[in-house]
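Only the coordinates and a few stated rules stand behind these numbers; no lab work does. It should be emphasised that the depicted structure is a prediction, and the values quoted were computed from it without experimental measurement. Positions of Cβ are generated from backbone atoms using ideal geometry, with glycine treated the same way; all protein chains shown enter the neighbour counts.
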Amino acid sequence: MSTAVFLSEGDRLIPQLEARANWYPDALHGGPVAGAFARAFELMDAPTEMAVTRLTVDLMRPVPTVPLSIETRVVRTGRRIQVLEGRLDADGNEVAAATALRLRVADVPVPAHRRPEPLPAPHEIPAATMEPADEAWFHTRGVDVRSAKQSFYTAGSGTAWIRLAMPLVEGEVPTPLQRAVVAADFGNGVGNVLSEDFVFMNADLTVYLHRPPEGEWVGLRSRSTVDALGFGVARSELFDTTGAVGFGLQALFVDRADSFGS
């Protein structure tokens, strides 16, 4: 078992076996990709104390298990708002892109208002068996999953708690933003409404946060909506153990499993 999802080698990230998805045998799960972008944006200078409130990742093609590099730039900056942009390169090819919105952090008391109903605590939900359990994929080794459904793969809207089972990058403690975006990429699985006869991969991920999650666990209340056009949308409410923290959205590519890749 690896010590982290990625190893760091200078400016490059080296994916380990636990970074992979099982849609493709030699490509990364979207969670580590989103986490890598979150890390890159957090390393960028800010003009004042700021927090990422929106991160969008476009997964333009399968991200291969080769050394990866992320280039970032500031698109717009000011005392209140900063817009960031990044690109992920593998063997000289751009394979994913991302943007982030950072807003200034300030003490602004707000009146009480209705918030989403909280989830049952992680210890109240059984641990999920992720298949194939004896193989090293991100969903089997990179994270711990607790699922309210009898099986994580059962079709239907769902509730789950997810935490990183190892550091995202060796020697680093995952940040709240990294934990949030990694977990949010599981929304299409948590809220899957299709049987195993279908493929329902997300082509992107957008995460909105109204506060950073506290603790290791990030909860999802998710549901997907698909129609007979070959695509759909997965929507997730995001939580920590004290309450709601934000939302996740994913555009889904949908196909019959026996047609996928043909």
Check your understanding: Considering the chain as a Gaussian network with a 10 Å cut-off on Cα pairs, which listed residue, Pro118, Pro109, Pro67, attains the greatest mean-square fluctuation?
Key -> Pro109
Revision key, fill the gap. Proxy exposure order for His113, His210, His29 (fewest C-beta within 10 Å first) is His113, His210, His29
Practice item. Averaging sequence separations of C-alpha pairs under 8 Å and six or more residues apart, then dividing by the length of the chain, give the relative contact order as a whole percent. Key: 19
Point to revise | Extension gain from Ser157 to Ala136, taking 0.36 nm per residue of separation minus the Cα-Cα distance | key: 4.9 nm
Revision key, fill the gap. The summed charge of the Val199 Cβ neighbourhood (under 11 Å; Lys/Arg +1, Asp/Glu -1) stands at -3
Review point. If you put +1 on each Lys and Arg Cβ and -1 on each Asp and Glu Cβ, how big is the dipole of the chain around its Cα centre, in Debye rounded to 20?
Key: 1040
Revision key, fill the gap. FRET efficiency (Glu196, Glu117; Cβ distance; R0 30 Å; to 0.05) is 0.50
Check your understanding: Roughly what would the spin-label model give for Asn93 and Ile81, points 7 Å off Cα along C-beta, in nm?
Key -> 3.6
Review point. Out of Val173, Val33, Val66, any idea which swings most in a Gaussian network model of the chain, alpha carbons joined below 10 Å?
Key: Val173
Review point. Under a point-charge model restricted to the Cβ atoms of Lys and Arg (+1) and Asp and Glu (-1), what is the dipole moment magnitude of segment 68-141 relative to its Cα centre, in debye to the nearest 20?
Key: 860
Check your understanding: What is the Rg over Rh value, at two decimals, for the chain, using alpha-carbon atoms and the Kirkwood definition of Rh?
Key -> 0.95
**Study point:** Positive dipole terminus of the chain, leading residue within Phe239, Phe253, Val108 (C-beta point charges)
**Key:** Val108
Review point. Once you charge only the Cβ atoms, +1 for Lys and Arg and -1 for Asp and Glu, what is the size of the charge dipole of segment 58-198 about its Cα centre, to the nearest 20 debye?
Key: 980
Practice item. Taking only the C-alpha atoms, wrap a convex hull around segment 82-128 and report its volume per residue in Å³ as a whole number. Key: 205
Revision key, fill the gap. Checked segment 32-174 with the C-alpha gyration tensor, a ≥ b ≥ c its square-rooted eigenvalues, rounded below a/c of 1.5, otherwise prolate if a/b is larger than b/c and oblate if not; verdict oblate
Exercise for review: Sum up the charges of everything whose Cβ sits under 15 Å from the Cβ of Asp89, counting Lys and Arg as +1 and Asp and Glu as -1, but leave Asp89 out.
Suggested key: -3
Review point. Once the Cβ-Cβ distance between Ala257 and Met60 is put in as r, and R0 is 22 Å, what FRET efficiency do you end up with, to the nearest 0.05?
Key: 0.45
